[in-house]
Amino acid sequence: MHIVSGWQIALGIIAVLVVVAVATAILSPRIFVRAPFRVLLALLYRRRVVGLENFPREGGAVVVSNHVSWIDGILILWMLPRNVRFLVDGENFGSGFRRYQADAFDTILMKNNPKSIGRALKTAREGLIAGDVIGLFPEGTISRNGQLQAFKPGLRNIVKGTDAVIVPMWLDGMWGSIFSYSGGKLFFKWPKQWRRQLTLYIGKPLATSTPLERVRSEVAALGAAATIEHRSNFPVLASRVIRVWRTRGRGMQAADSMGQEIGGRELLTRVLALRRVLRREVLQEDEEYVGVLLPPSVGGVVVNVALTMDRRVSANLNYTVSSDVLNHCIDDVKIKHVLTSERFISKMNFDLDAEVVKLESLRDKVTSMDKAIAFIQANLIPAKMLDWILGLNRVDGDDLLTVIFTSGSTGMPKGVLLSNANISHNVDAIERAVHLDSHDTVLGVLPFFHSFGYSVTLWAAMTLGPRGVYHFNPLDAKQVGKLAEKYKATVLLGTPTFLRGYMRRVKPEQFQTLDVVVVGAEKMPTDLFESFEQKFGSRPVEGYGTTELSPLVSVNIPPSRSQAVWQIDRLEGSVGRPLPGVAARVVDPDTNHDSGVGEDGLLLITGPNVMRGYANLPEKTKDSLHDGWYVTGDIAHIDSEGFIHITGRLSRFSKIGGEMVPHVRIEEELAKLLNEGHDDEAVRVCVTAVPDEKKGERLVVLHLPTSRPIDELCKGLKDAGLPNLFIPSQDSFLEVEAIPMLGTGKLDLKGARELALERLGVAKT
């Protein structure tokens, strides 16, 4: 009797398994390939699906999703209960083995030629009619920065003539993986996270007749909702500062026009010492809000970061307004102490309803023990342990970081409450869009009471690796030029008004290192793009934001930082596409219905950058926030490529005869007529409105003295193509000595209207 040995049994089993595997590989590639993939994906990732009830259980459907990684299609297939046939680039599946893989995943291959495209679209459409689920990445390429790009029209061709539905989706969690372009490269980077949490957000099905731009908007809204849900994952800014400054070491981290220049570790030591003194000598244990009255400077950086590391809420106060306005802000959030410096406050004439603490008076209170402990904390204690000592490990994303007061152009300033997640998201989005790093030097000319100054020139500069160089007066072109040249500035934020001043007074060699120039607050004149680039070699780009949005919403990608391959990422005349994690809608101000592509309407924004609310103003907060969407008050339209175009402000429109009349449009034409060869930055005209019994409102023009007759100005408006409704009556032109302005450089709209009411003898409403 022959006895079968153990090794013979083993070989027999192996042979059977090989035969089964080969047979499976030949007869059922789907099972052979997908099964190992499912096991591998389960080991590498954790999955979660939100809104699965929105996914149709049967019938034809088109899945449309964002696209940030090379394996998005496989991941979505893994996370859904039905098979999905994805349209993919056939150029990546040329070899026999790759074609076998494509067949195993039931893909529809599409090469870049008309015949292949037509065949693929036909196959997809036939699949929909047969009840299949077709997967599509309508951007047509992997996003280089996580931004949602424009959607290609192929979707329309696929669903045409079918009863299928369109299912918007957002795959969250793959940005930063080796399969994404984070860090500027695909694959060749070390994995930062094991078993990433992936979440697939599924929106409500849309009809096949839904406009392409509406589909894109729904996908973007899902992305914003995903980012909001994960806001607690954004880095704690104070923790990030510790690590960046330690990396900088003795190298210069911050400097200013007052002669201060300081390295990273020394700056951290100074911050930690100040924190100790403030806790012991000034601030009470339960004191939440602390006022700061300092220009953008090294001292301003030290104070703001020290308060943040002590988990206080900084309130940078606007030093260009009156004591009454300042005291309104102080009272609004119950500020007990205002931190300032003798050198700065001595130049002001403020009478504040809070205890003024001068930094100079605290120097003598810094003991040797304070210095020693601060040095040890800054240089020797591990960063994670320092986080624990300072309590930064207990900071939640929703914890308040700062309160920034609005300019008050239409009334008293409102306190905008911004959290750590609000500002941290903005910093992260800036990093993705503009790619700031240790090679950059940010020229900070915006004050820290300005939201862009606080978020970008303070926190982005101090946490993303660049150096920060500060000057208190953005209109001081000579000093700005000197600082830029001395420190080889690469990044500058400003307004068109600032840039015109620099054009006249800054030498070309002083701005020769500028690489990123972002402008906002005003519309950028077309000629300024060209003239600035011709003189300094750097082409400015426009961005958009508001204090309530932390503040940056969108930006055109600077040419030198662009990674665009198949799609554009900037469009002059626009303010760019929304940043990653931010979604925009344009609605009719009266009906709240979505406006069509290119149609002007009221701009709404949602995302993790949306403020916590207004301090002590629940009704105004309620009016401004609708289901997580912030009502900007700006009139805009979104084009077919997803770029936002700001055309005016709702408060700067008058409804006359049932038509929206834009004040800014009239101002632009009048400014050309009234310039009369003047070479200065003076604002010469302001359009406002007063009540009118017949038409509802009456346009009023405030203007500086001019030699031009009023009838000539009216004729000039008509010649410029303005409708008769847009042309104010001749008796509505009021000459004034100066246009009402705020200390921030913005028009004082409330003051302008009150002046018009007074001059015309119209009662206030």
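The values are calculated or read from the model by the stated rules, or taken from the named source; none is laboratory data. The shown structure was predicted, so the numbers you read here are calculated from the model rather than taken from an experiment. Positions of Cβ are generated from backbone atoms using ideal geometry, with glycine treated the same way; all protein chains shown enter the neighbour counts.
Scanning the stretch 460-475 for residues that are of a type outside the set (Gly, Ala, Ser) and under 19 Å from the mean Cα position of the chain (by Cα) yields Met462, Thr463, Leu464, Pro466. Ser217 falls short on exactly one of the conditions (1) small (Gly, Ala, Ser); (2) free of Cβ contacts under 8 Å to residues at least 60 places away in the same chain; (3) surrounded by 14 or more Cβ atoms within 10 Å (Cβ to Cβ), and that condition is (2).
Being among the β-branched types (Val, Ile, Thr) and within 19 Å of the chain's Cα centre (by Cα): is that true of Thr457 here?
Working: among the β-branched types (Val, Ile, Thr): yes; within 19 Å of the chain's Cα centre (by Cα): yes.
When the stated conditions are applied, Thr457 passes them.
Of all residues in the stretch 632-659, exactly one satisfies the criterion of being modelled with pLDDT of 85 or more, polar (S, T, N, Q) and surrounded by 18 or more Cβ atoms within 10 Å (Cβ to Cβ), namely Thr632.
What number of residues within the stretch 591-631 are at pLDDT 90 or above and among the polar types (S, T, N, Q)? The qualifying residues number 5. Of everything in the stretch 297-338 that is polar (S, T, N, Q) and over 21 Å from Phe472 (Cα atoms), the residue that is modelled with the highest pLDDT is Thr308. Only residues that are modelled with pLDDT of 75 or more and assigned to a loop (DSSP other than H, G, I, E, B) were counted in the stretch 674-701, giving 2. Annotation: Ala738 fulfils all but one of (1) of a type in the set (A, V, I, L, M); (2) part of a helix (DSSP H, G or I); (3) surrounded by fewer than 18 Cβ atoms within 10 Å (Cβ to Cβ); the unmet one is (2). Of all the criteria given as (1) over 18 Å from the mean Cα position of the chain (by Cα); (2) buried (at least 23 other Cβ atoms within 10 Å of the Cβ), the one not satisfied by Leu401 is (1). Consider Thr513 carefully, then state whether it is at pLDDT below 90 and either within 20 Å of Val582 (Cα to Cα) or surrounded by fewer than 23 Cβ atoms within 10 Å (Cβ to Cβ) (or both). No: the conditions fail for Thr513. None of Ala521, Ala489 is farther than 18 Å from Gly576 by Cα, in contact (Cβ under 8 Å) with a residue 40 or more places away in the chain and surrounded by 18 or more Cβ atoms within 10 Å (Cβ to Cβ) except Ala489. Filtering Pro589, Pro608 for residues that are within 17 Å of the chain's Cα centre (by Cα) and in a loop (DSSP other than H, G, I, E, B) leaves a single hit, Pro608.
Within the stretch 535-555, the set of residues being farther than 15 Å from Ile423 by Cα, touching a residue at least 24 places away in the same chain (Cβ under 8 Å) and not aliphatic (A, V, I, L, M) comprises Lys535, Phe536, Gly537, Ser538, Pro540, Glu542, Gly543, Tyr544.
Give the number of residues within the stretch 66-93 that are of a type in the set (D, E, K, R), at pLDDT 85 or above and either surrounded by 18 or more Cβ atoms within 10 Å (Cβ to Cβ) or not in a loop (DSSP other than H, G, I, E, B) (or both). Total meeting the criteria: 1.
Here Arg250 does not fit the description of being part of a helix (DSSP H, G or I) and of a type in the set (Lys, Arg). When Lys371 is tested against (1) under 18 Å from Val271 (Cβ atoms); (2) crowded, with 19+ Cβ neighbours inside 10 Å; (3) among the basic types (Lys, Arg), exactly one condition is not met: (2).
Close contacts from the stretch 277-297, counting a first residue that is within 26 Å of Val469 (Cα to Cα) and a second that is of a type in the set (Lys, Arg) and crowded, with 20+ Cβ neighbours inside 10 Å, with Cβ to Cβ under 8 Å and a gap of 6+ residues or different chains, come to Val290/Arg312. Between Leu603, Leu617, Leu625, the distinction of being hydrophobic (A, V, I, L, M, F, W, C), within 30 Å of Ser538 (Cβ to Cβ) and either surrounded by fewer than 22 Cβ atoms within 10 Å (Cβ to Cβ) or assigned by TED's automatic domain parsing to the domain that holds Ile404 (or both) belongs to Leu603 only.
The one condition from (1) modelled with pLDDT of 85 or more; (2) over 30 Å from Pro295 (Cα atoms) that Pro662 does not meet is (1). From the list Ala224, Ala150, the one residue that fits, being part of a helix (DSSP H, G or I) and small (Gly, Ala, Ser), is Ala224.
Going by the structure shown, is Val321 out of contact with any Cys (no Cβ under 6 Å at 6 or more places or on another chain), in a loop (DSSP other than H, G, I, E, B) and more than 30 Å from Ala383 (Cα to Cα)? So Val321 fits the description; yes. If the condition is being buried (at least 18 other Cβ atoms within 10 Å of the Cβ) and either without any contact (Cβ under 8 Å) to a residue 24 or more places away in the chain or farther than 22 Å from Pro551 by Cβ (or both), then the stretch 468-486 contributes Ala477, Gly481, Leu483, Ala484.
Among the residues of the stretch 202-211, none qualifies, meaning not one is surrounded by fewer than 17 Cβ atoms within 10 Å (Cβ to Cβ) and within 19 Å of the chain's Cα centre (by Cα).
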